[in-house]
Structures are given as structure tokens and as C-alpha cells.
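Enquirer: The structure under discussion is supplied below as C-alpha cells; questions concerning it will follow.
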């Protein structure tokens, strides 16, 4: 069996809207190995969520349009899967923690019922049946795993009766309750204060470490990414612009966008107001030709305005999509 769990090749995703066709994903390439933890960072609106939703084929078609590319999960082409195969994949192989736990949880069902349904359907996907007693026991155990106080009370609570941090822990429990090979965490701490966010991310890191689960973590909290993942992809306006081991990326960022992104982060040690990135993400209805960062890049060359740069390998698995590091 291949060590590669996910392999996205040259993925193009457009969306049909009232004004026309938005060209969002622009030839995305992305890989994650079994047991690997990968971070995905970039400004809001750069296509991170669209990329990970594509892995589970959760994009609504239409308005989403898969213009080209391939998505392989455990060697199988996701874009060619039947509806039954997709359901099986979502029950057995991939789980996702969404940004907003209130939107992810059904307000009219108790927490225990929602976790229990996931246990029941994931076991049915494996060809096994479980009793009510088994479901209750596993629900209590997973609530204990995510450090929920008084699991019996939580099981009989509705989402609205819980705090934001508790709801996010419930979402983590729901994602981990089945035998999942890949966990996608889409900004799991967005709606939490920084203290609770840190607790939730550390808990998530500990749980996946114990299980050997592969992880894709999308986050604007660069400190959390640095502490939790093995490798990082940097995304800008629907394109991957840099990929490297976490330590290498944070110690030696190469792409002009990556450098600008890191310079925009406030420093806790002081040093004045952080630098912003001039300009804005391009309009996806009419994105710039060539490298999509060229209108904001201080190092843009004529070639950057004509052709989108491929990934250039600069050594040690560090790749950067910039003509400063390759090309003619």
C-alpha cells in the first residue's frame, strides 16, 4: 500500500455566480502521507476550504465546477466515485471539523444522539452492528477523550446549552469517533478566545498523535500551525506558492508572499505595528495572468506576468512557485 494518502494533481475549480465564472482554484497540487500532519495557511478567501472540501467532494455542483485535475485518496480517484462510494469514504476514511460548531451541530438533537448516529453509521459501513449499550459506552468514552466534564450530562444536553469551547470539543469527538485515516480541521479555533483556542488545538494534537491519524490543519494562527504540523503549504489566490517542512518554512521563507505573510503577524515582543501586505487578493472573475501574486509582488518580472510558475525544488523537500528560484 502506498504511503501517500492524498494526492491532488493540477486541480482547477470554478464557481458560477450571477456576475459570471469565478476561477478560484488555479492548478492546485497537494500531497499528504499516511500519519503526516500538514498545515495549510494563507489569507482569507485564498481557497483553503475549497481545496479540502474537494477531497471529500463536498462542493455543491453547481455552482461549483471541476474544470480539471485529479484527486486521489488512498489511490482511488475521488472525482470518479459513485454516491455510495463517497458515503462509504466519508464514514470510514475522512472526517472534518468545520469552522463553526454551531452550524455543524444540529440544534434540535441532543449531543449524545448526534455522536451515537455517527458511531452507528460508521460501524454499519464496516459491516458491523452495535447495540444501544455499545453506542452509549463509546459516546461516553469519546467525551472523556476530549476532556468533557460529566459526560452523562453532556450527552443529554442540546448544543445551545454548551459553551463555544465545549461545542468545539463535541465536534472533535464526532470527527474522531470513527476509525478515520484523515482528519481535516478547518480553523477549529476561529470562534474561540485565544486561551480556549490553545487548549482545543493542543487537545486535538494529542489525540491525533495517539491515533496516528493524518491531519490537514487550516489556521490563521501561525503559532498553532508551527507547533502542531510536520509540513506546511502556503496558498495564495487559489494557487499553492510554497511547501516545506515546518521548521524550514518558518526559519527561511522564500516566496515573496510567504515573507509578507509572516511580516504581517503582530510580534508579542513589541517592535511597532506589523507590516501589512499592499494591495488585495485579486478578483476571481478576472484574475491576473501568470503568477497571481504579481500585482502585489515587489520582485515581479516580465515572466511573472505571462506564465504561472511551477514548483521549483530548492532542496530538502522545500518547494517554491517563484521564478526567483528557477526558470529562464
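The values are calculated or read from the model by the stated rules, or taken from the named source; none is laboratory data. Bear in mind the structure is a predicted one, so any value in this text is a computation, not a measurement. Here the Cβ positions follow ideal geometry from the backbone for every residue, glycine too, while neighbour counts run over all protein chains shown.
Enquirer: Of all residues in the range 130-162 being within 24 Å of the chain's Cα centre (by Cα) and assigned to a loop (DSSP other than H, G, I, E, B), which is surrounded by the most Cβ atoms within 10 Å (Cβ to Cβ)?
Expert: Across the range 130-162, the extreme among qualifying residues is 146.
Enquirer: Just one of the numbered conditions (1) more than 15 Å from residue 312 (Cβ to Cβ); (2) touching a helix residue (DSSP H, G or I) at 6+ places or on another chain (Cβ under 8 Å) is not true of residue 237; which one?
Expert: (2)
Enquirer: Could you please let me know if residue 324 is surrounded by fewer than 20 Cβ atoms within 10 Å (Cβ to Cβ) and either farther than 30 Å from residue 65 by Cα or at pLDDT below 85 (or both)? Before you say what the answer is, go through the steps one by one.
Expert: Working: surrounded by fewer than 20 Cβ atoms within 10 Å (Cβ to Cβ): yes; either farther than 30 Å from residue 65 by Cα or at pLDDT below 85 (or both): yes.
In short, yes.
Enquirer: Farther than 24 Å from residue 246 by Cβ, in contact with a strand residue (DSSP E or B) (Cβ under 9 Å, 6 or more places away or on another chain) and surrounded by 19 or more Cβ atoms within 10 Å (Cβ to Cβ) - does that describe any residue in the range 42-58?
Expert: yes
Enquirer: Still on this structure, I have one more. If you check residue 8 against the conditions, is it in a strand (DSSP E or B) and either buried (at least 16 other Cβ atoms within 10 Å of the Cβ) or within 17 Å of the chain's Cα centre (by Cα) (or both)?
Expert: Numbers: in a strand (DSSP E or B): yes; either buried (at least 16 other Cβ atoms within 10 Å of the Cβ) or within 17 Å of the chain's Cα centre (by Cα) (or both): yes.
Judged against the criteria, residue 8 is a match.
Enquirer: Check off (1) out of contact with any strand residue (DSSP E or B) (no Cβ under 7 Å at 6 or more places or on another chain); (2) surrounded by fewer than 16 Cβ atoms within 10 Å (Cβ to Cβ) for residue 79 and give me the number that stays unchecked.
Expert: (1)
Enquirer: Looking at (1) surrounded by 15 or more Cβ atoms within 10 Å (Cβ to Cβ); (2) modelled with pLDDT of 90 or more; (3) over 30 Å from residue 228 (Cα atoms), which is the only condition residue 305 fails?
Expert: The failed condition is (1).
Enquirer: Just one of 97, 118, 102 is under 19 Å from the mean Cα position of the chain (by Cα), crowded, with 19+ Cβ neighbours inside 10 Å and at pLDDT below 85; which is it?
Expert: Values: 118 fails: under 19 Å from the mean Cα position of the chain (by Cα); 102 fails: crowded, with 19+ Cβ neighbours inside 10 Å.
Answer to the check: 97.
Enquirer: Looking only at helices (runs of 4 or more DSSP H) that fall completely inside the range 211-281, which ones have 2 or more residues that are at pLDDT 90 or above? Let's see the steps before the verdict.
Expert: Numbers: elements: 222-228, 246-251, 256-263.
The helices (runs of 4 or more DSSP H) meeting that bar are 246-251, 256-263.
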